[in-house]
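The values are calculated or read from the model by the stated rules, or taken from the named source; none is laboratory data. Just so you know, these numbers come straight off a predicted model, no measurement behind them. Here Cβ is always computed from backbone atoms with ideal geometry, including for glycine, and neighbour counts include all displayed protein chains.
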Amino acid sequence: MDAPPLDPGLYIVATPIGNLGDITRRAVQVLEACDIVACEDSRVTGKLLNHLAIKKPMRRYDDHASEAARESLLAEMVQKAVVLVSDAGTPLISDPGYRLVRAARERGIAITSLPGPSAAITALTLAGLPTDRFLFAGFLPSKAKARDDAMAELAALKATLVFYESGPRLVATLEAMATGLPGRELAVARELTKTFEECRTGPVQDLVAHYTAHPPRGEIVVLAGPPAATPAPDVASLDDELLAALADLPTSKAAAQVAKAHGLDRKALYARALELKA
């Protein structure tokens with residue numbers, strides 16, 4: 001049965017992250033009916049199309065694509081159905097594409113996004129960490145100083161953090177998390193949807209020891225659970241901290257300093273600081 005015809009525009013199609021059986025029926029129909037497939041690597045996308053017995057002209061589009069290449073695709077979308085895929089998973093999620101989508105929206109080109117596989121979401125469902133609030137942070141910087149700065153920015157966030165990582169960098173990243181994200185429960189998910197899929201959790205020292213002894217390959221998802229809740233200090237301890245701060249700081253700044261340290265209401269501590277001064 002022939003796939004239904006497609007209107008001109010941009011179609012964002014998620015592809016399998018490992019198991020080719022995860023391609024959706026709708027994704028197959030759109031790939032069969034489209035005119036052009038824009039992809040990161042024609043060799044990778046070519047394997048998927050061959051598996052599906054689909055032949056389509058492919059255009060390379062990745063983070064290194066020129067503005068001329070983007071303009072060429074945008075021009076074709078006016079009269080043709082152009083599919084955007086990444087090597088694996090959902091396009092634009094730590095993959096190239098947002099500039100293309102942004103430009104298409106600015107020009108009034110129709111855009112359709114097909115839901116499908118995502119390594120970040122798959123890992124979240126496996127790890128057993130809280131999912132009511134999470135942040136996808138992509139790849140951490142490769143240089144140690146920039147990586148530490150990025151983790152310092154995220155350290156206070158009360159949410160599960162989701163990172164992508166490569167095998168050769170995994171151990172160094174875990175070691176950095178021991179210092180940069182202390183006290184958080186960690187999980188490492190790899191080979192997702194494949195035969196040897198695993199999601200390993202435990203103390204960071206155990207994860208470092210395991211992956212030092214068994215160096216992993218391929219793409220990996222590292223998850224860090226929310227920071228452990230710290231018990232609220234008792235009234236006497238807060239008074240002691242306020243008095244110590246008041247010895248060196250004005251009342252408002254002393255209250256702000258103690259409030260920030262414990263995540264408490266600044267106005268309430270300011271009122272208490274005034275009482276202590278009196």
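Checked across segment 189-198, the condition of being part of a helix (DSSP H, G or I) and touching a strand residue (DSSP E or B) at 6+ places or on another chain (Cβ under 9 Å) holds for no residue.
Check whether at least one residue in segment 242-264 is assigned to a loop (DSSP other than H, G, I, E, B), loosely packed, with under 12 Cβ neighbours inside 10 Å and of a type in the set (Asp, Glu), and report yes or no. Working first, answer last.
Of all residues in segment 242-264, those assigned to a loop (DSSP other than H, G, I, E, B) come to 247-250, 263-264.
Add one more test, that the residue is loosely packed, with under 12 Cβ neighbours inside 10 Å, and what stays is 247-248, 250, 263.
Now narrow it down to the ones that are of a type in the set (Asp, Glu): 248.
The answer is yes; a qualifying residue exists.
Can you tell me which residue within segment 1-28, out of those that are of a type in the set (A, V, I, L, M) and in contact with a Gly (Cβ under 8 Å, 6 or more places away or on another chain), is farthest from residue 79 (Cα to Cα)? Of everything passing the filter in segment 1-28, 17 is farthest from residue 79 (Cα to Cα).
Note on segment 2-31: residues that are within 30 Å of residue 220 (Cβ to Cβ) and in a helix (DSSP H, G or I) total 9. Considering only residues in segment 141-166 that are part of a helix (DSSP H, G or I) and among the acidic types (Asp, Glu), the one that is nearest to residue 263 (Cα to Cα) turns out to be 153.
Looking at 196, 136, 163 in this structure, which one is exposed (fewer than 13 other Cβ atoms within 10 Å of the Cβ) and of a type in the set (A, V, I, L, M, F, W, C)? Just a single option satisfies the conditions, and that option is 196.
Condition check ((1) within 30 Å of residue 200 (Cα to Cα); (2) in contact (Cβ under 8 Å) with a residue 60 or more places away in the chain) across all residues:
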site: 86; (1), (2): yes, yes
site: 91; (1), (2): yes, yes
site: 98; (1), (2): no, no
site: 109; (1), (2): no, yes
site: 115; (1), (2): yes, yes
site: 118; (1), (2): yes, yes
site: 122; (1), (2): yes, yes
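Quick grid of which residues meet (1) touching a helix residue (DSSP H, G or I) at 6+ places or on another chain (Cβ under 7 Å); (2) more than 30 Å from residue 73 (Cα to Cα):
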position	(1), (2)
105	no, no
110	no, no
120	no, no
124	no, yes
131	yes, yes
136	yes, no
149	no, yes
184	no, yes
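A Cβ distance below 8 Å, combined with a sequence gap of six or more or placement on separate chains, defines the contacts here; from segment 195-222, residues that are assigned by TED's automatic domain parsing to the domain that holds residue 177 reach residues that are exposed (fewer than 12 other Cβ atoms within 10 Å of the Cβ) in the pairs 215/168.
Just checking, how many residues over segment 48-67 are surrounded by 13 or more Cβ atoms within 10 Å (Cβ to Cβ) and either closer than 21 Å to residue 19 by Cα or among the acidic types (Asp, Glu) (or both)? Before you say what the answer is, go through the steps one by one.
Taking segment 48-67 and keeping what is surrounded by 13 or more Cβ atoms within 10 Å (Cβ to Cβ), we get 48-49, 52, 54, 56, 58-62, 65.
Subset that is either closer than 21 Å to residue 19 by Cα or among the acidic types (Asp, Glu) (or both): 48-49, 52, 54, 62.
The qualifying residues number 5.
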